[in-house]
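**Q** The structure follows.
The values are calculated or read from the model by the stated rules, or taken from the named source; none is laboratory data. On a predicted model such as this, the values are computed, not experimentally measured, just so you know. Neighbour counts are summed over all protein chains in view; Cβ atoms, including those assigned to glycine, are modelled from backbone coordinates with ideal geometry. With ligands, DNA and RNA removed, areas are computed over all heavy atoms of the protein, side chains included. Shrake-Rupley method; radii C 1.70, N 1.55, O 1.52, S 1.80 Å.
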Amino acid sequence: METLELKQPIGAESATEDFLPLNGTDYIELYVGNARQSAHYFQTAFGFQPVAHAGLSTGLRDRESYVVQQDKIRLVLTSPLHGDTDIGRHLDQHGDGVRVVALWVDDARRAFDETISRGATPYMEPKREQDEHGYVVRSGIYTYGDTVHVFVERTGYEGVFLPGYEPWSPTYHPAGVGLKYVDHMVGNVGWHEMNQWMTFYHDVMGFQQLVSFDDKDISTDYTALMSKVMSNGNGRVKFPINEPAEGKKKSQIEEYLDFYGGPGIQHIAVATDHIVETVLALRDRGVEFLTVPTTYYENLSDRIGKIDEEIDMLRSLGILVDRDDEGYLLQIFTKPICPRPTLFFEIIQRKGARSFGKGNFKALFEAIEREQALRGTL
Ligand code: FE2
């Protein structure tokens, strides 16, 4: 149990202007082997709604993208249309995974200038895109691995997604499952690279550190990692960063790095106001979750205190609970959503707590180790 503390005193810095004001996460773009089928999966299994499409029918020749959305969470699923493309090379290297974490800004040119002047590597020069619904300005920078941040300025735009996309309105509309917004997105980086990327988010993007773990906090008999959380000024964008640490056997972070072929996004945490209903719906639709031993629930009331939910229900679904000084949170983690043991989702409900479930890390890692043992990669 730990208070949410800003590691660097924020007073001095908050007096100065936030040079990279962010309104939130704009979209997350995944490069996938089959965007059409991935879109169907996110509609059917996770309750996303179809929004927009770009491809041959909109004049693209090299790629096809489907955009799906649930409340504020917007996913773009992109596949190449022929061989020898950058998207195809990304897929060959990483498998299905997150290429773009797009951030919603009021001024994409300024976001680019401010971050480049602080040392960011350019990915996309500021670009104004226009159609009959208005214009957007986008720019982009590289972060860890092949992952990029794109800054999206859309105050001048009223179309479905971005210029170049057409509305996508199939008759198939499975109901949502109550997912509301991106709570945080976790990156795995290489051995001893965590501090370098903390520094990047602090110096280049103006983020602050929230909570620190050390490897003793979150090591099990076999696996270990280090994790720190960076947040932007208004707290709407939070990026925990993990690096592997030495354990008796292979760290789950190292397993990720091996299969992803380097650093990248490990999980996307999405928030709900009703985790029991959300998880029941996701299970009905075929989403598979990591389970913890039922012993986890035996002394849960002693550890957590009084909560609104029925412990029997949490046990039957495998939902985890953690408490900090401000309240508690409920969370559960899916199994990887692609063939490689890389990207997965977290479902989280916050009831006051602003931390990330540190008290559950050990139970979670032991669950992951059981999966690793089944995969023979422990
Ligand atoms: Fe998380």
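**Q** So, restricting to strands (runs of 3 or more DSSP E) that lie completely within region 208-313, which ones have at least 3 residues that are under 18 Å from the mean Cα position of the chain (by Cα), farther than 23 Å from L329 by Cα and at pLDDT 95 or above?
**A** Passing ranges: none, list empty.
**Q** I need a count of the residues in region 322-349 that are in a strand (DSSP E or B), more than 12 Å from the ligand (Cβ to nearest atom) and under 20 Å from the mean Cα position of the chain (by Cα).
**A** Step one: filter region 322-349 for residues in a strand (DSSP E or B), giving 322-324, 327-334, 344-349.
This time we only want the ones that are more than 12 Å from the ligand (Cβ to nearest atom), so: 323-324, 327-328, 330, 349.
From what's left, under 20 Å from the mean Cα position of the chain (by Cα): 330, 349.
Final tally of qualifying residues: 2.
**Q** Another question, if that's okay. Can you report the number of residues in region 315-328 which are touching a residue at least 24 places away in the same chain (Cβ under 8 Å) and touching a helix residue (DSSP H, G or I) at 6+ places or on another chain (Cβ under 9 Å)? First the steps, then the outcome.
**A** If we filter region 315-328 for residues that are touching a residue at least 24 places away in the same chain (Cβ under 8 Å), which is where we start, we get 317-328.
Filter once more, so that each one left must be touching a helix residue (DSSP H, G or I) at 6+ places or on another chain (Cβ under 9 Å): 317-324, 328.
Counting residues in region 315-328 that are touching a residue at least 24 places away in the same chain (Cβ under 8 Å) and touching a helix residue (DSSP H, G or I) at 6+ places or on another chain (Cβ under 9 Å) gives 9.
**Q** Assigned to a loop (DSSP other than H, G, I, E, B) and among the hydrophobic types (A, V, I, L, M, F, W, C) - does that describe any residue in region 77-91? Please lay out each step first, then the result.
**A** Our first condition is that a residue be assigned to a loop (DSSP other than H, G, I, E, B); within region 77-91, this holds for 81-85.
Subsequent filtering for residues that are among the hydrophobic types (A, V, I, L, M, F, W, C) retains 81.
Yes, some residue in region 77-91 is assigned to a loop (DSSP other than H, G, I, E, B) and among the hydrophobic types (A, V, I, L, M, F, W, C).
**Q** Ok, one more. Mind checking which residues of region 156-175 are more than 30 Å from V137 (Cα to Cα) and in contact with a Gly (Cβ under 9 Å, 6 or more places away or on another chain)?
**A** Filtering region 156-175 down to residues more than 30 Å from V137 (Cα to Cα) leaves 171-175.
Within region 156-175, P174, A175 qualify.
**Q** Sticking with this structure for a sec: Taking the condition of being in contact (Cβ under 8 Å) with a residue 12 or more places away in the chain and open to solvent by 20 Å² or more (accessible area, probe 1.4 Å), how many residues in region 259-288 meet it? Explain how you work it out, then say what you get.
**A** Applying the first criterion (in contact (Cβ under 8 Å) with a residue 12 or more places away in the chain) to region 259-288 yields 259-283, 285-288.
Next, only the ones that are open to solvent by 20 Å² or more (accessible area, probe 1.4 Å) stay: 259, 261, 263, 273-274, 276-277, 280-281, 283, 285-286, 288.
Going through region 259-288 one residue at a time, the tally reaches 13.
**Q** Identify the residue in region 175-193 that is assigned to a loop (DSSP other than H, G, I, E, B) and open to solvent by less than 20 Å² (accessible area, probe 1.4 Å) and, among all such residues, is nearest to the ligand (Cβ to nearest atom).
**A** The first filter runs over region 175-193 and keeps only residues assigned to a loop (DSSP other than H, G, I, E, B), leaving 175-178, 189-193.
Right, trim to open to solvent by less than 20 Å² (accessible area, probe 1.4 Å) and you get 177, 189-190.
On the way: V177: 18, V189: 15, G190: 20 Å.
The selected residue is V189.
**Q** Residues I87, I73: which one is open to solvent by less than 10 Å² (accessible area, probe 1.4 Å) and within 13 Å of F161 (Cα to Cα)?
**A** Details: I87 fails: within 13 Å of F161 (Cα to Cα).
Every option except I73 fails the conditions.
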